[in-house]
Amino acid sequence: MITSNNHHDFDLPGLHAEVLSRNPALADIDVSGELGAFINGLDEQDPYRGYSYISQSLVDRLDQLVRRLGPKAAPEFLNLLLLELIAQFDSRFEKSGLHDDFRPEFARNFDRILADIRTPPEAPMIGLGSDMFLKDLGIARLHLIPCVSHLVYRYSGVPRRALIGVKQPSAFLRVARTLARAGGFRPFLENHVHPRMLDRFDQAGRQQCYRLICRLLDLWPDARGLMGTSWYYDPNVGQISPRLAYLHDEPAQAGACFVDMGVHPDATASALARSPTRARLAQEGRYQPRNYMMLWTRADILARYGQGQRNK
């Protein structure tokens, strides 16, 4: 149960009470016990399953609550879960060893999450199947680290298919050399885009992100580097959308390797959603979005954006 208010903009106990008042059915359960059990279950999961993994036992637990209390109780219970984790932030942050540079990044995201809880939409997009919610849950758990333009996950690895799918010998050799320099397939930090953080998704925000990633590499010496998969790592994107060229070019100039992962519906949807130009070229058959995986060793990242560069 929330007993403290560690956030300057919101009365967490008051907001907790407000959520309960919106769904009186939640008063029929031991909310504190249910939240504690859910959080313990999350903390016990294998982190290498990824930030979006929710064990079947937790899915079943939420389903049982829905059957008892009705479908409207599920989003509000998950709101209470976010509130409880945010209330635990100070203790979790101290245990994490994260540098204080990350505090304002968490605070910025908590402001947004708490505002959404206070004024929920008529049809809340919150649930264990919602990637938006799972990213906010990852932030609240400190499993996804907000780094200005992107979120960073600690426990990722390069899938073997990244090598199996490489057809050109020269490209295969380039990937193999990168992984050899990195020292293995995992753990890699992995960056993710959150649609609610796009206001800082620009070149300046990305460079700040890299500097914070250096802080994470300092904290986690076993992390082999940074990886990510997106349509915007395609080297051809810069010719179509020059303002996005930095997303591929800056890491490439600092030693990052890029692997063509092929066409994917999510890549197509994301690449065409915000650009009439890319959408038109795709319709004309002159552009086909493709996912590319970026592999970037810790040594190369630190050489470009590490402590020596931060102090200049």
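A simple rule links phi to the HN-Hα coupling: the Karplus curve 6.51 cos²θ - 1.76 cosθ + 1.60 with θ = phi - 60°, which for region 155-168 gives 10, 10, x, 7, x, 4, 5, 4, 8, 4, x, 7, 8, 6 Hz, with x for Gly and Pro. Take the chain, connect every pair of alpha-carbon atoms lying under 10 Å apart with a spring to form a Gaussian network, then pick out the residue of L81, L216, L20 with the largest mean-square fluctuation. Residue with maximal mean-square fluctuation among L81, L216, L20: L20.
Cβ screening of the chain for cysteine pairs under 4.7 Å finds these without a partner: C214, C257.
In region 198-277, Cα pairs under 8 Å separated by at least six residues give a relative contact order of 25 percent. Coupling constants for region 85-98 follow from the phi torsions by the Karplus curve (6.51 cos²θ - 1.76 cosθ + 1.60, θ = phi - 60°), and in residue order they are 5, 5, 5, 8, 4, 4, 5, 5, 5, 4, 6, 6, x, 5 Hz; glycine and proline get x.
Against the chain, whose longest principal axis comes from its Cα atoms, helix 131-140 is set at around 80 degrees. In plain terms, the residue of H192, H150 with the fewest other Cβ atoms within 10 Å comes first and the most crowded comes last, giving H192, H150. Can you give the calculated 222 nm mean residue ellipticity of the chain, where each DSSP H run of n ≥ 4 adds -39,500 (n - 2.57) and the sum is split over every residue, rounded to the nearest 500 deg cm²/dmol? Taking each H run of at least 4 residues, the total per residue is -15500 deg cm²/dmol. Rounded, prolate or oblate: which one fits region 150-310, using the alpha carbon gyration tensor with axes a ≥ b ≥ c (rounded when a/c is under 1.5, else prolate when a/b beats b/c, else oblate)? Cα axes put region 150-310 in the oblate bin. With R₀ fixed at 22 Å, the C-beta to C-beta distance from D266 to I164 puts the FRET efficiency at about 0.60.
Does the chain classify as rounded, prolate or oblate by the C-alpha gyration tensor (a ≥ b ≥ c root eigenvalues; a/c under 1.5 gives rounded; else a/b over b/c gives prolate, otherwise oblate)? It comes out prolate by the Cα gyration axes. For K95, the shell of other residues with beta-carbons less than 13 Å away shows a net charge of -1, using +1 for Lys and Arg and -1 for Asp and Glu.
Taking Cβ atoms as reference points and 13 Å as the exclusive limit, the residues near V166 contribute a net charge of +4, counting Lys and Arg as +1 and Asp and Glu as -1. When each of K72, K135, K167 is scored by the number of other beta-carbon atoms lying within 10 Å, the sequence from fewest to most is K167, K72, K135. Arranged from fewest to most other beta-carbon atoms within 10 Å of their beta carbon, W220, W296 become W220, W296.
A short reminder: the numbers here are calculations on the coordinates, not readings from a lab. Here the structure is a predicted model, which is why all the values come from computation and not from measurement. Virtual Cβ from ideal backbone geometry, glycine too; neighbours counted across all protein chains shown.
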